[in-house]
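Participant: Structure incoming, see below.
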């Protein structure tokens with residue numbers, strides 16, 4: 001029996017192995033992944049993002065536990081940062097998911113971002129497909145503790161939950177584009193703090209209601225560590241799931257997002273393959289040298305190198 | 001092993017003692033040596049640790065034990081790993097472990113033992129070595 005078949009039979013060990021192989025860029029693993037794709041459409045993929053320490057893991061732990069208790073299958077992909085110095089990582093989101101761990105019913109996978117920009121790792125998409133094929137109806141992806149531009153999770157999830165705390169800053173922060181914009185559900189966690197109600201009001205005023213859909217982004221106050229507000233949040237998540245199923249919008253938006261994520265990976269792959277050849281290319285080396293010696297500005301250099309590569313690609317086609 | 005294929009280690013803290021400074025210090029040392037370390041958190045049961053090892057697809061399991069329960073825990077984890085088809089995942093044990101127990105732990109199937117006061121670089125070496133032997 002191959003790995004894909006074993007995953008479809010619900011074997012967690014095979015699922016874990018397949019995810020590891022995808023992380024390593026194993027081409028055989030990609031062939032197994034293709035076999036799983038038809039079985040991955042029934043899952044609601046929920047991305048959870050927000051700054052470090054906002055309570056993302058604790059929130060996911062609570063939601064996962066409630067869903068497990070209802071009898072649903074739950075998966076979690078929890079991403080933490082890779083050290084730029086050692087390329088190692090300490091993955092510790094699981095520590096906050098103790099209750100669901102003890103219940104023993106969820107499939108949780110910790111991943112390092114492997115220096116990938118945007119708050120998620122390339123293999124996260126594959127991991128979601130594998131866990132979905134295990135038969136999990138709900139999968140949470142936890143992004144790296146996010147800064148203002150870590151928005152890649154939007155392309156991996158059907159629904160994005162943005163987690164803020166009462167210490168989000170001031171109104172000016174909310175006027176900027178960023179995490180608030182990608183949230184389909186917005187949470188103010190640590191609702192027991194004195195300023196929580198004010199934060200809820202301010203954030204509610206600035207939530208971006210997306211023109212293109214009829215989904216209205218709710219803003220909720222929760223206290224993840226005590227479980228307060230979790231029930232309301234679960235009801236909202238289920239309403240969102242129904243909304244996505246209703247007019248086939250969910251499926252279309254997922255297809256579109258997959259292509260955008262693919263293009264982002266392609267951009268990096270093409271770059272890393274091409275850049276390796278630069279030292280051997282006399283033309284490009286000369287341009288780089290001219291920038292080093294102040295004979296050329298960096299913008300012209302970028303334009304010239306891009307032209308140089310474009311010409312080679314086009315001539316290859318003729 | 002290498003940049004695209006770092007060693008994945010589960011750092012488990014089984015049992016009732018609440019002292020995880022050692023587990024954290026070793027986790028940081030392994031991280032700084034380029035490994036991906038998944039930390040289980042305090043008071044994990046052997047069943048939970050084995051479940052984590054299954055889902056995380058780790059190359060090595062490290063256990064930090066200061067409660068003097070290393071012998072029964074070693075016996076239990078080796079048999080649970082076997083039950084789950086993970087006999088090929090080596091277990092490295094550290095913490096307060098009397099020198100006299102080391103040979104017994106190895107007899108049980110523990111791959112390496114790094115008792116109290118083992119230098120961090122030796123712990124890193126031990127983990128790398130058993131990860132490589134797993135292949």
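Participant: Just rank A:263, B:11, fewest to most, by other beta-carbon atoms within 10 angstrom.
Facilitator: On the way: A:263 10, B:11 31.
Lowest to highest Cβ neighbour count: A:263, B:11.
Participant: Can you tell me, using C-alpha contacts under 8 Å and at least 6 residues apart, the relative contact order of chain A as a whole percent?
Facilitator: Details: 508 pairs, mean separation 53.9, N = 318.
Value for chain A: 17 percent.
Participant: Angle, helix A:230-246 long axis vs. longest principal axis of chain A, Cα atoms, 0 to 90°, nearest 10?
Facilitator: 60
Participant: So what's the gap between the Cα centers of the range A:87-103 and the range A:120-161, to the nearest angstrom?
Facilitator: So the separation of the two Cα centres works out to 16 Å.
Participant: Here is a follow-up. If each residue's Cβ is checked for other Cβ atoms within 10 Å, how do B:48, A:268 rank with the fewest at the top? Write out the running numbers ahead of the final one.
Facilitator: Working: B:48 19, A:268 12.
With the fewest neighbours first, B:48, A:268 line up as A:268, B:48.
Participant: Could you state the angle between the C-alpha long axis of helix A:123-133 and the longest principal axis of the C-alpha atoms of chain A, as a value from 0 to 90 degrees rounded to the nearest 10?
Facilitator: Relative to chain A, helix A:123-133 is tipped by roughly 40 degrees.
Participant: Report for chain A the percent antiparallel among DSSP-assigned beta bridges with both residues inside it, nearest 5.
Facilitator: Details: 1 of 28 bridges.
Antiparallel: roughly 5 percent of the beta bridges in chain A.
Participant: Which of B:113, B:21, B:96 moves the most in a Gaussian network model of chain B with Cα springs under 10 Å?
Facilitator: Maximum among the listed residues: B:21.
Participant: Averaged over its residues, how many other protein chain Cβ atoms are within 10 Å of peptide B:45-56's Cβ atoms?
Facilitator: Going residue by residue through B:45-56 and averaging, the value is 5.
Participant: Between residue A:300 and residue B:42, what FRET efficiency comes out of the Förster formula 1/(1 + (r/R0)^6) with R0 = 45 Å and r the beta carbon distance, rounded to 0.05? Spell out each step's value before the answer.
Facilitator: Values: r = 58 Å, r/R0 = 1.28.
Plugging the Cβ-Cβ distance into 1/(1 + (r/R0)^6) gives 0.20.
Participant: Averaged across A:107-113, how many Cβ atoms of other chains sit within 10 Å of each residue's Cβ atom?
Facilitator: Working: counts 3, 5, 5, 10, 4, 7, 0.
That works out to 5 on average.
Participant: For chain A, with a Gaussian network of springs between Cα atoms less than 10 Å apart, report the residue from A:12, A:167, A:290 with the top mean-square fluctuation.
Facilitator: A:290
Participant: Other chains near A:89-101: what is the mean number of their Cβ atoms within 10 Å of each residue's Cβ?
Facilitator: Numbers: counts 9, 12, 11, 8, 2, 10, 8, 1, 1, 6, 0, 0, 9.
What the average comes to for A:89-101 is 6.
Participant: If you don't mind, another one. Distance from a point 7 Å along Cα→Cβ of residue A:253 to each backbone N in the range A:162-191: keep the residues under 12 Å and list them by number.
Facilitator: A:182-185
Participant: Within 10 Å of each residue's Cβ, count the other Cβ atoms and sort A:83, B:64, B:87 from fewest upward.
Facilitator: On the way: A:83 15, B:64 26, B:87 12.
So the residues, fewest neighbours to most, are B:87, A:83, B:64.
Participant: Follow-up. I need to check one value: relative contact order of chain B, counting alpha carbon pairs closer than 8 Å and at least 6 residues apart, in percent.
Facilitator: 26
Participant: Here's a follow-up. Rounded to whole Å, give me the distance from the Cα center of the range A:1-16 to that of the range B:16-64.
Facilitator: Going from one Cα centre to the other spans 25 Å.
Participant: Sticking with this one: Going 7 Å from the Cα of residue A:1 toward and past its Cβ, which residues in the range A:8-38 have a backbone nitrogen under 16 Å from where you end up?
Facilitator: A:8-18, A:36
Participant: Expressed as an acute angle from 0 to 90° and rounded to the nearest 10, what is the orientation of the C-alpha long axis of helix A:56-69 relative to the principal long axis of chain A?
Facilitator: That works out to roughly 50 degrees.
Computed from the coordinates by the stated procedures, all read-outs in this text should not be read as laboratory data. Since the structure is predicted, the reported quantities are computational estimates derived from the model, not experimental observations. Glycine also receives a Cβ, built like all others from the backbone with ideal geometry; neighbour counts cover every protein chain displayed.
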